[in-house]
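The values are calculated or read from the model by the stated rules, or taken from the named source; none is laboratory data. Small disclaimer: the values here were computed from a predicted structure and weren't measured. Ideal geometry is used to build each Cβ from the backbone, glycine not excepted, and the neighbour counts take in all protein chains shown.
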Amino acid sequence: MSNIRELSERTGIDRSEISDLLDTLREKGRVKTVRRKEGGPILWELSDQGRSVLPPSTPEGYASIGGSEAQGLALAARDYYLSRGWFFAIARQDAGMSRKVDCVAYDYDGKIAVGVEIESSEHVFHDHIEQTKRHMLEIAPFDEMHFWAHKEATERISELKSQLRPEDQAKVKVLTAE
């Protein structure tokens, strides 16, 4: 639970902006107010609906991405981005979408939108290596594309990355979850 002053100090966002945002979130059912018995400022906390939109905190929460290896990789990616203060979420997978990434991240400080691909070893070595390379070339609408895999698979992904033009290579990062 936090009050508006604490949120403003932690985020550096003006109190009136935070108040407006919290009011909007309350109207949508994402946050609720809590009044202390002893008085003091109104406190805000996430509602159950608000908690439901947070990135999952267990591997099973990433079942839509793949099997147990992919779920563990997604959780490692989540921890990596959140520990840096970035936004992180499972991406929409609507059937009509032309480009479907596994997850998305956003670096607030650098203003960088990131598509996140979770690559299980099975996909890299047996099933979808050409799809992985295609994803390196189809970065839009993101600024960067990050590929998460275990060490042996990251070596193969890095080989694919080295085949790209230098300007495309600069937009692709390969990250190891170990």
Kindly indicate whether any position in the stretch 152-168 is touching an Asp or Glu at 6+ places or on another chain (Cβ under 9 Å) and within 19 Å of S64 (Cβ to Cβ). no
How many residues of the stretch 133-178 are closer than 21 Å to Y81 by Cα and either among the aromatic types (F, W, Y) or touching a residue at least 12 places away in the same chain (Cβ under 8 Å) (or both)? The answer is 27
Among the listed residues R84, R35, which satisfies the condition of being of a type in the set (K, R) and surrounded by 11 or more Cβ atoms within 10 Å (Cβ to Cβ)? R84
Only one of these is modelled with pLDDT of 75 or more, exposed (fewer than 11 other Cβ atoms within 10 Å of the Cβ) and not assigned by TED's automatic domain parsing to the domain that holds G85: E17, E9, E27, E45. Name it. E27
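Filtering the stretch 156-178 down to residues that are within 17 Å of A76 (Cβ to Cβ) and at pLDDT 90 or above, which residue is surrounded by the most Cβ atoms within 10 Å (Cβ to Cβ)? Lay out the reasoning, then the answer.
Of the residues in the stretch 156-178, the ones within 17 Å of A76 (Cβ to Cβ) are 157, 173-178.
So of that shortlist, the ones also at pLDDT 90 or above come out as 157, 173-176.
On the way: I157: 23, K173: 14, V174: 21, L175: 15, T176: 17.
The qualifying residue surrounded by the most Cβ atoms within 10 Å (Cβ to Cβ) is I157.
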